[in-house]
1. For the chain, find the longest principal axis of its Cα atoms and tell me its angle to the long axis of helix 24-35, 0 to 90°, nearest 10.
2. Starting from a Cα-only point model with no solvent, please compute log10 I(q)/I(0) by Debye for the chain at q = 0.06, 0.10, 0.11 1/Å.
3. Taking only C-alpha pairs under 8 Å that are 6+ residues apart, what is the relative contact order of the stretch 22-181 in percent?
4. Above 12 Å lies some portion of the pair distances; for the stretch 373-426, what is it as a whole percent of all C-alpha pairs?
5. What ranking do 312, 28, 260 get, fewest neighbouring Cβ atoms within 10 angstrom at the top?
6. Order by neighbour count: 320, 81, fewest other Cβ atoms within 10 Å first, most last.
7. Mind checking the angle between helix 5-15 and the chain's longest principal axis? C-alpha axes, 0 to 90 degrees, to the nearest 10.
8. For a test of the definition: using alpha carbon positions, the gyration tensor, and the 1.5 limit on a/c, classify the stretch 1-107 as rounded, prolate or oblate.
Ligand SMILES: Cc1ncc(COP(=O)(O)O)c(C=O)c1O
């Protein structure tokens, strides 16, 4: 959403640029929209916290009894830190992974977390670690796609999960090591088209009905996340009620197929948080390249935010709406918005083929603020320290206008703190 220019300027002076601003009212509206699709306990929503794991966000989810899908040991610990309970009755935190890295196995076992595994070997690894209790199994549905090929979550090129054809082998493996499969899961990714998501979810529910009888201890089926956000038309509304009907029908069909009541789960990430955060940056320079035999010259607007803050455009060619603050009524011209990093790809205006795609913007001048909208999902969550730059602060705007610093700017001391000269004996 757009914020008042003088408010953004005052905040920029207070916390410096770039910074993130999260809008509580926008987040809460999206949470209400997801909740309206559910009917606990028959249909329960989780939040795929990888999209935005900040404690303030997790607390909002917890208040609304949105459960958690975590993907690392540390994500589980962040969910516990935000106040989520341990345990599997019910499993308010679920742990989905392709690999048990770092502290993952330990955290799962110590905190009685439901593991959602993606291979027979992972079942064996659980058993070898002495895990006893229920498990969930992630399936690769073989269809569907992400918003770009790199995010493909279903099909031969996706690393996630086991195939439906392996269902019996998985059931046998779990039985052999004494673990009960209580949930089966798949995530088919946010294809940009709502209709396509709807068709894919219907197909997934049918495919799960076919394998449900293979798992005698089954109590839940997770249809994953993937509700899209329209970055080019952020205020556009999808016919979400179609999903409510789909989930209710899937719950009935799967219960009939299994011969007992089955609960449905969903775990969107992006949809809840994408529109809630805006990245605010300062223009430091405006400069132009010349036309020559390699191509046409362009005007660059040089801002202090880079792909260390918001990597989606550089990584996937993703679109984020850009505004030059306070200049929305001015004439526009094609401008490439680029960041401070020593990397030519540090550009926010790119197309799907990852080439420069100048954006029609009012001509900025140094000192202007530039905002990049809809960065709440996979924005700060994917921030890095490339070029030894500290992560930008995050600010929370409450509905009554109160503002809170959610996280401060990372400093060189924070970064250097990890370095040691500790001798290792091996
Ligand atoms: C297992 C799983 N569930 C849920 C999600 C959330 O997807 P989205 O943010 O597109 O809703 C992801 C995203 O990568 C995922 O891998």
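Each value in this text was obtained by applying a stated rule to the coordinates, not by laboratory testing. Because the structure is predicted, anything quoted here is derived from the model rather than measured. Cβ coordinates were reconstructed from backbone atoms using ideal geometry, including for glycine residues, and neighbour counts include every protein chain displayed.
1. Between the helix axis and the principal axis of the chain, the angle is about 30 degrees.
2. -0.27, -0.74, -0.87
3. Once divided by the residue count of the stretch 22-181, the mean separation gives 15 percent.
4. Result: 75 percent of Cα pairs exceed 12 Å.
5. Ranked by crowding around the Cβ, least crowded first: 260, 28, 312.
6. Going from sparsest to densest Cβ surroundings: 81, 320.
7. 80
8. It comes out oblate by the Cα gyration axes.
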